[in-house]
Amino acid sequence: MFVTNPIGIIGEAEAGKMLEAKGFHILERNWRMGHLEVDLIAENRKEIVFAEVKARTTTYGGKMPEEYVDENKKRRITAAANAYIKYHKIEKTPRFDIIGLVVHPQSGEIMYRAHLENAFTPRVRTIHANSFSGLSGWLHRGHTIGRKKR
């Protein structure tokens, strides 16, 4: 989530603390590449975690925040994770977590928290070795990724 509201800021800060309490080191917050984005990227000695954070002020219609991550969002997170892994040459086992939080709208107090570790396993790799075979590439922080040199 590109954080523009106070609830999102509180939620992502709390999610980062939750991962750190479990022994993870936060590598990136709101990592973006083109239209792809991952809320939190963290690692320990064995794994790299790509976490989607859903912070809400209430459980709309009885649906918990973590239930709002649909198949389309999972595909986008997977594509972003693959890009991150390829760009940084990561050799650790990837894991996809979802962190759901309900935040009191006035006080900012966390009223509910859920950390779904290994919440989903991608069905297929969305970025392959052939993905960058063309002349186009992705621009990330001033670096072009995947562009072939002639």
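The values are calculated or read from the model by the stated rules, or taken from the named source; none is laboratory data. Not measured: the values here are computed from a predicted model. When the accessible area is computed, the model is the full protein with side chains, heavy atoms only, and any ligands, DNA or RNA have been set aside. Shrake-Rupley method; radii C 1.70, N 1.55, O 1.52, S 1.80 Å.
Suppose we filter region 89-116 for residues that are open to solvent by less than 30 Å² (accessible area, probe 1.4 Å) and part of a loop (DSSP other than H, G, I, E, B); how many remain? Number of matching residues: 1.
Residue by residue, here is whether (1) of a type in the set (Val, Ile, Thr); (2) farther than 20 Å from residue 20 by Cα; (3) modelled with pLDDT under 95 holds:
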| position | (1), (2), (3) |
| --- | --- |
| 45 | no, no, yes |
| 53 | yes, no, no |
| 61 | no, yes, yes |
| 66 | no, no, yes |
| 92 | no, no, yes |
| 103 | yes, no, yes |
| 107 | no, yes, yes |
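Flag: residue 32 matches the condition of being under 22 Å from residue 6 (Cα atoms) and of a type outside the set (A, V, I, L, M, F, W, C).
Residues of region 80-93 include none that is closer than 14 Å to residue 117 by Cα and of a type in the set (D, E, K, R).
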